[in-house]
Amino acid sequence: MVSLPAPPQCHLNLHKIRQRQLEYFPCGPIEDASATKFIRNMAMKGVIASAVRTVASSGSSASSTTFTRHLHASAGSKKIVGVFYKANEYAELNPNFLGCEERALGIKDWLESQGHKYIVTDDKEGPDCELDKHIPDLHVLISTPFHPAYVTAERIKKAKNLQLLLTAGIGSDHIDLKAAAAAGLTVAEVTGSNVVSVAEDELMRILILVRNFVPGYTQIVNGEWKVAGIAHRAYDLEGKTVGTVGAGRIGKLLLQRLKPFNCHLLYHDRVKIDPELEQQIGAKFEEDLDAMLPKCDVIVINTPLTEKTRGLFDKERIAKCKKGVLIVNNARGAIMDTQAVVDASSSGHIAGYSGDVWNPQPAPKDHPWRYMPNHAMTPHISGTTIDAQLRYAAGVKDMLDRYFKGEDFPAQNYIVKDGKIASQYQ
């Protein structure tokens with residue numbers, strides 16, 4: 001895991017934080033308590049320190065040594081390309097809807113006022129896509145996990161001026177990290193920006209599956225009323241065994257939120273949770289993943305997509321799960337073997353599958369997960385709530401500001417730095 005720097009010693013001035021919110025969110029200040037809390041917490045950790053520069057200086061321990069392609073921006077105009085999903089008629093419904101193409105993180109005026117060029121598109125695939133037109137001369141590429149621009153080794157080779165790849169959110173597996181490291185690029189994301197959003201969504205999906213909610217909703221939409229058709233496979237969450245595969249920031253938050261439901265909580269990860277927190281949560285560490293799986297009524301996937309986790313849940317591993325298991329996956333679709341999930345759902349071995357991640361994204365209309373039984377799938381939405389958008393928009397602006405000024409990013413934001421890939425992606 002990437003180590004966190006020690007929190008700076010400072011006193012928070014919330015009035016000044018609010019002033020900085022006005023600067024960082026052109027559509028208006030954050031009015032949501034959770035977003036304000038994030039600003040406060042991240043100020044203490046140095047994640048968006050320039051957004052609260054009067055409060056604390058960065059706690060990053062990263063060095064500012066020379067890169068193969070120098071991270072620190074040279075003088076002059078920079079070309080920045082942002083790839084975001086198109087909102088169309090929804091763009092005007094909420095002034096804080098910053099994560100779409102139309103609002104483009106709310107940083108266009110700020111960038112252009114400093115003489116930089118900001119190109120925004122949702123067209124990212126195919127030989128004649130808009131993104132590829134700008135690859136040869138862009139300096140910075142911003143993308144999101146929700147509408148990812150797949151940065152392949154081929155694209156990196158063509159991007160002669162590229163220095164910085166930013167993920168607006170969490171999860172940079174849409175980038176060929178080995179190729180980025182070999183080319184001397186810097187890859188960074190807004191660590192912590194949407195962990196609450198995803199953990200809450202996971203809890204919701206667990207309850208949706210356990211209570212057999214989707215068939216009930218479908219009955220009402222179709223004008224039906226058949227209680228037995230729902231109740232025969234609806235259960236309480238209390239007393240069930242829930243295991244998370246991965247207990248990083250999101251996994252720990254999920255376990256904390258499950259504690260009041262009086263579940264039996266298990267987790268598998270490379271390292272154990274802090275003993276004090278583990279005791280508070282009441283979660284048990286399982287060193288052997290295959291030994292944990294048959295114990296679980298509910299399995300939640302919370303591990304990054306890496307070479308080791310790609311296809312982790314194949315036919316053989318799914319067979320080790322308890323018959324009738326419920327699976328929630330908001331991590332990455334490619335962690336699962338697509339057809340193995342379909343087959344297990346069709347046979348009843350998986351009694352319910354829910355998540356918002358697909359392979360590829362956006363999912364094609366004929367993707368088999370759309371049509372398998374007992375699923376509660378959605379588009380990739382868990383980490384792009386309005387609150388999360390405000391947080392990752394601020395984080396991206398902060399890192400761009402640091403890039404222009406020649407300053408390091410908070411250490412925990414780096415995924416690739418100085419040719420080295422962060423441990424969680426290895």
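The values are calculated or read from the model by the stated rules, or taken from the named source; none is laboratory data. Just so it is clear, the model here is predicted, and its values are computed rather than measured. FYI the Cβ positions are ideal-geometry reconstructions off the backbone, even for glycines, and counts take in every protein chain you see. Note: areas computed on protein heavy atoms with side chains; ligands, DNA, RNA excluded. Shrake-Rupley method; radii C 1.70, N 1.55, O 1.52, S 1.80 Å.
Taking strands (runs of 3 or more DSSP E) that fall entirely within segment 81-175, which contain at least 3 residues that are open to solvent by less than 10 Å² (accessible area, probe 1.4 Å)?
In segment 81-175, the matching strands (runs of 3 or more DSSP E) lie at 140-143, 164-167.
Residues Val227, Val214, Val210, Val271: which one is under 25 Å from Lys323 (Cα atoms), within 28 Å of the chain's Cα centre (by Cα), open to solvent by 40 Å² or more (accessible area, probe 1.4 Å) and among the β-branched types (Val, Ile, Thr)?
Just one listed residue meets the conditions, Val214.
Checking Asp401 against (1) under 28 Å from Glu307 (Cα atoms); (2) over 21 Å from the mean Cα position of the chain (by Cα), which test does it fail?
(1)
Identify the residue in segment 289-304 that is within 19 Å of Gly248 (Cβ to Cβ) and surrounded by fewer than 21 Cβ atoms within 10 Å (Cβ to Cβ) and, among all such residues, is nearest to the chain's Cα centre (by Cα).
Pro304
Output the number of the condition that Asp366 fails; it satisfies all remaining conditions of (1) within 22 Å of Leu203 (Cα to Cα); (2) surrounded by fewer than 20 Cβ atoms within 10 Å (Cβ to Cβ).
Asp366 satisfies every listed condition except (1).
Is there a residue being under 20 Å from Ala331 (Cα atoms) and out of contact with any Phe, Trp or Tyr (no Cβ under 8 Å at 6 or more places or on another chain) anywhere in segment 271-278?
The answer is yes; a qualifying residue exists.
Can you find even one residue in segment 184-202 that is over 24 Å from the mean Cα position of the chain (by Cα) and not assigned by the TED database to the domain that holds Ser172?
no
Counting only residues that are touching a residue at least 24 places away in the same chain (Cβ under 8 Å) and touching a Gly at 6+ places or on another chain (Cβ under 9 Å), give me the helices (runs of 4 or more DSSP H) lying completely in segment 185-267 with at least 2 of them.
Passing ranges, in order: 195-210, 249-258.
For segment 91-148, give me the residue count where each residue is free of Cβ contacts under 8 Å to residues at least 24 places away in the same chain, in contact with a helix residue (DSSP H, G or I) (Cβ under 8 Å, 6 or more places away or on another chain) and hydrophobic (A, V, I, L, M, F, W, C).
Total satisfying the criteria: 1.
If only one of Ala351, Ala422, Ala411 is surrounded by 19 or more Cβ atoms within 10 Å (Cβ to Cβ), of a type outside the set (Val, Ile, Thr), farther than 23 Å from Leu165 by Cβ and in contact (Cβ under 8 Å) with a residue 12 or more places away in the chain, which one is it?
Ala351
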